[in-house]
Structure formats: C-alpha cells, structure tokens
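For reference, the structure discussed in these notes is given below.
The values are calculated or read from the model by the stated rules, or taken from the named source; none is laboratory data. Predicted model, so just to flag it, every value in this text is computed and none were measured. Here Cβ is always computed from backbone atoms with ideal geometry, including for glycine, and neighbour counts include all displayed protein chains. The area values use the complete protein model at the heavy-atom level, side chains included, leaving out ligands, DNA and RNA. Shrake-Rupley method; radii C 1.70, N 1.55, O 1.52, S 1.80 Å.
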Amino acid sequence: MIIAANLKTNLTRKETNKYLAEVESFVSSKNITQEVLVFPAMSSLDTHDTSIIVGAQNAYATKDGAFTGEIGSVHLEEFAIKTILIGHSERRHILGETQEELAIKFNYYKDLGFKIVYCVGEPLEKRKAGKSEMMEYISSQYKGIDTKYKNLIIAYEPVWAIGTGLTPTLEDIQEIHTDLKEKSTAPILYGGSVKVTNAKDVLALKNIDGILVGSAALYGEHFCSMIEYAQELEGK
Ligand code: PGA
C-alpha cells in the first residue's frame, strides 16, 4: 500500500530532517515494504538520504523562468525529486488553481515522468446535493487528466473532511472508491482526517490502496503507526 504524509506549511527544514530520520529508522527497523511518501514544505526539499520517497507539494509547469514565488522542474531535479502532489483542495480552493491550470501542470510533470499524486474531492454543498451531482463534480476534476498515466496515484479527499476531524462513513469511502476505480485503474488513496484511530479501518477497506495524511502525520510516531497498520494489512 501507499502511505503518504502531506506536511503542508508545517515543520522547518531542521524539523523535517528529524522527521524523515525518525520515519526512515522505523521503516528500516520494521522491514516495511509499503511505499512511504512524504511531501515536506518547499524550503525543506533537499537530496535526502532515505528510502522514503520525498515529493513536492507543488511546482509550476515550467523548467524555470519569470514566475515570482514559484519553483520549476529544474529546482526539483536539483534534488532528484520525481514525485509531485497536484490538485490538492487547498491549492484548488484557497490558492485558486483552476482545473485548466491543474491539467497543464499535470501534463507538464507527466511528460517528465513524475509520479503524480492527483487529488480530487467534493466540497460539502456538492455532497449534500446528492450522489449524482457529487460524482459529476468529481468527474469534472478528471478533465484534462490522463487517467491511464502509468505513474498516476489518485487521492480521494472530500474537502469537508480535510483538517476537520469529520470523515465520510467507511461505507461511503468504499462506495466512492469503487466508483472512482471505474474511471482509472490507478491506485487510490483516501485522505481527510485520517488518524491513528481510524487508519486501520480505512486501510482495511476494499478498493483502497493507501492513505494521504495531513495533520495526524505531523507526529512522526503516529505516521509510523499508520505505516505499520498498512504493513499488517498487506495482502488484505
Ligand atoms: P488532514 O489533511 O489529514 O489534516 O485532514 C489531509 C490532506 O489535506 O491531505
């Protein structure tokens, strides 16, 4: 399974190094065979000496150039980073990235062969509007995205569940993942208020290939417990 930590705008470079060392030591001492991904803040990117896959939370669809405040692929290549998170709800809804811009970014990093964790998920009003409107909304987030791309990982993250402590029921998660599997055979992660207390139940569901964890992953110990659950459920 794939266990991913999105550290968002948290942990300094020093703290990230400590965090990665803690997770790395856990992964090697427990002989973890799961795929572990960590997306640190931009200023913590480096050539980390670790078996953990370190990815970028964002980058612009450019090699370099005049895009103040952004980084391009040349900055990721400097650290041999080949994994990127695209379409996270905070980028869509707080930073205002449109589907068109996300598709351009997706295609740019796809052409470079990046592993792409592409996030989709509905806001509360779409969930309340009923299943068909909700699925239509989620489908619109696949526009311009190559769902057959071999290095694609989908993350289903309902916007209303991110950082709120709320989650869909296990049945709902299972049902939506099953529907999304029809759109793409790529692995699908669930994200949105995953914690040590619910991670095992979520990971045990059918059609779930892993989790993308925000707040709860900030504690290295908690993130390691979730990695261990995935290892225990291997071959579920
Ligand atoms: P959360 O965030 O675990 O804090 O809800 C998940 C995410 O944004 O990827």
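Results, tabulated for the structure shown:
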{"read-out": "Residue check for LEU205: part of a loop (DSSP other than H, G, I, E, B) and more than 9 Å from the ligand (Cβ to nearest atom)", "value": "yes"}
{"read-out": "The lone exception for THR83 - which of (1) within 19 Å of TYR19 (Cα to Cα); (2) open to solvent by 50 Å² or more (accessible area, probe 1.4 Å); (3) of a type in the set (Ser, Thr, Tyr); (4) in contact (Cβ under 8 Å) with a residue 40 or more places away in the chain it fails", "value": "(2)"}
{"read-out": "Leading residue by the ranking (nearest to the ligand (Cβ to nearest atom)) among those in the stretch 101-118 that are touching a helix residue (DSSP H, G or I) at 6+ places or on another chain (Cβ under 7 Å) and open to solvent by less than 50 Å² (accessible area, probe 1.4 Å)", "value": "TYR118"}
{"read-out": "Filtered residues of the stretch 187-224 (kept if surrounded by fewer than 24 Cβ atoms within 10 Å (Cβ to Cβ), touching a residue at least 12 places away in the same chain (Cβ under 8 Å) and either of a type in the set (Phe, Trp, Tyr) or touching a Ser or Thr at 6+ places or on another chain (Cβ under 7 Å) (or both))", "value": "SER193, VAL196, ASN198, ASN207"}
{"read-out": "Residue in the stretch 147-154 that is out of contact with any Leu (no Cβ under 7 Å at 6 or more places or on another chain), more than 16 Å from the ligand (Cβ to nearest atom) and in a strand (DSSP E or B) present", "value": "yes"}
{"read-out": "Residue identified as part of a helix (DSSP H, G or I), among the hydroxyl-bearing types (Ser, Thr, Tyr), over 20 Å from ILE32 (Cβ atoms) and away from the ligand (no atom under 16 Å from the Cβ) among THR178, THR197", "value": "THR178"}
{"read-out": "Residue tally, condition under 16 Å from the mean Cα position of the chain (by Cα), within 21 Å of LYS115 (Cβ to Cβ) and polar (S, T, N, Q), over the stretch 185-236", "value": "0"}
{"read-out": "Residue among GLU90, GLU24, GLU97 that is of a type in the set (D, E, K, R), assigned to a loop (DSSP other than H, G, I, E, B), open to solvent by less than 80 Å² (accessible area, probe 1.4 Å) and at pLDDT 95 or above", "value": "GLU97"}
{"read-out": "Residue count for the stretch 27-62, restricted to those that are in a loop (DSSP other than H, G, I, E, B), of a type outside the set (Ser, Thr, Tyr) and open to solvent by less than 70 Å² (accessible area, probe 1.4 Å)", "value": "13"}
{"read-out": "Filtered residues of the stretch 100-129 (kept if among the basic types (Lys, Arg), closer than 22 Å to ILE71 by Cβ and assigned to a helix (DSSP H, G or I))", "value": "LYS105, LYS110"}
{"read-out": "For GLU136: the one exception among (1) of a type in the set (Asp, Glu); (2) part of a loop (DSSP other than H, G, I, E, B); (3) farther than 26 Å from ALA216 by Cα", "value": "(2)"}
{"read-out": "Test result for ILE227, more than 10 Å from the ligand (Cβ to nearest atom), farther than 28 Å from ILE32 by Cα and surrounded by 17 or more Cβ atoms within 10 Å (Cβ to Cβ)", "value": "no"}
{"read-out": "The stretch 88-100: number of residues that are in contact (Cβ under 8 Å) with a residue 24 or more places away in the chain and either more than 15 Å from the ligand (Cβ to nearest atom) or of a type outside the set (Lys, Arg) (or both)", "value": "6"}
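Residues are listed down the side, and each one gets a yes or a no for (1) buried (at least 19 other Cβ atoms within 10 Å of the Cβ); (2) over 19 Å from GLY192 (Cβ atoms); (3) at pLDDT 95 or above:
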{"position": "GLU122", "(1), (2), (3)": "yes, no, yes"}
{"position": "TYR142", "(1), (2), (3)": "no, no, yes"}
{"position": "LYS150", "(1), (2), (3)": "no, yes, yes"}
{"position": "ILE153", "(1), (2), (3)": "yes, no, yes"}
